Amino acid sequence: MTVVVEIPDHLAATLCEAWANLPRATLESLAVEGYRSGKLSAAEAGELLGHTSRWETEDFLSAHGVWPGTSAEDLRSDLAALDRLRGK
């Protein structure tokens, strides 16, 4: 699918100053928001961006602050579950 976005010239100039490759920046923004909102999986975001590996997608999403990290509470919960499974 081809998507055409119309941007007023004066705003396009400002955006092009911020991002040398405005079409790519737009696609990346779409992938980030699609993943953040749950509309796209990580694999789908990677496919949209043409990534060749899961790691490339994870790095990209992490760099944009949307890759889910592990919190200290997540780790404590996981360790407690492991202890329960091991009978401790």
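Before moving on, here are some points about what is shown:
- Selection among Leu22, Leu85, Ala45 by position relative to the dipole of the chain gives Leu85 as farthest towards the positive end (Cβ unit charges, Cα centre).
- For the chain, a simple Cβ point-charge model (Lys and Arg +1, Asp and Glu -1, everything else neutral) yields a dipole of about 520 debye relative to the Cα centre.
- Rolled with a 1.4 Å probe across the full set of protein chains, the surface gives Thr52 an accessible area near 130 Å².
- Carbon/sulfur fraction of accessible area - the chain, other protein chains in place, 1.4 Å, %: 56 percent
- Where Asp59, Asp74, Asp9 fall by accessible area, highest first, once all protein chains stay in place (1.4 Å): Asp9, Asp59, Asp74
- Whole-number accessible area per residue in Å² for the chain, which is evaluated in the context of all protein chains at 1.4 Å: 79 Å²
- Label-to-label distance for Asp78 and Glu56 is 2.6 nm, based on points extended 7 Å past Cα in the beta-carbon direction.
- 19 Å reach of a label modelled at Met1, 7 Å along Cα-to-Cβ, counting backbone N of region 47-88: 47-51
- The orientation-averaged projection of the convex hull spanning the C-alpha atoms of the chain amounts to 8.4 square nanometres.
- Just checking the listed ones, Glu28, Glu73, Glu47: in the Gaussian network model of the chain with Cα springs under 10 Å, the one fluctuating most is Glu73.
- When the chain is treated as a GNM with alpha-carbon contacts under 10 Å, the residue of Leu22, Leu75, Leu40 showing the greatest mean-square fluctuation is Leu75.
The values are calculated or read from the model by the stated rules, or taken from the named source; none is laboratory data. This one's a predicted model, so the numbers in the text were calculated from it and none came from an experiment. Neighbour counts run over all protein chains shown; Cβ positions are idealised from the backbone, glycine included. Just so you know, the surface numbers come from the protein's heavy atoms only, side chains and all, with ligands and any DNA or RNA stripped out. Shrake-Rupley method; radii C 1.70, N 1.55, O 1.52, S 1.80 Å.
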